[in-house]
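S.K.: Below is one structure. I have some questions about it.
The values are calculated or read from the model by the stated rules, or taken from the named source; none is laboratory data. These numbers were taken from a predicted model, which means no experiment stands behind them. Just so you know, the surface numbers come from the protein's heavy atoms only, side chains and all, with ligands and any DNA or RNA stripped out. Shrake-Rupley method; radii C 1.70, N 1.55, O 1.52, S 1.80 Å.
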Amino acid sequence: MGYVTVQATASAISWRGVVYRAGVTSLPEDCARAMGWQPPTDEPTQAPTVPEPAALTLINSAASAGEIAVLPGIGAVSAGSILSERPAGGYASLEAVAQIQGLSVAIDWDEVTAWKE
């Protein structure tokens, strides 16, 4: 077994008669494993996928402002602005939609996010 560099959060760690101080330190691998350390894997880590809100899917796929106007608090004028400002690849998030100049400040984006078809 070799040594690994870890961030020790306790004030001191005693392992097999040796005291290791807190902070970034090299510990015997078996000691680090006993503290919960896991060796890095060769597999790339992926962030968990979060489903896209249904409202964003609708906004990005709508062919007309009328389709967008079904969302809570979004009227015909706001729907038209959302559609005309939509980038070629669609909006990345509802936060990006909310940044459009001229949208009603009365839109409750939590309600839009919670909307289901």
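S.K.: So for ASP110, ASP30, what's the accessible-area order with a 1.4 Å probe, most first?
M.R.: Of ASP110, ASP30, the descending order of accessible area is ASP110, ASP30.
S.K.: Mind checking the per residue accessible area of segment 51-116 for me, 1.4 Å probe, whole number of Å²?
M.R.: Counting only protein heavy atoms, the per-residue value for segment 51-116 is 56 Å².
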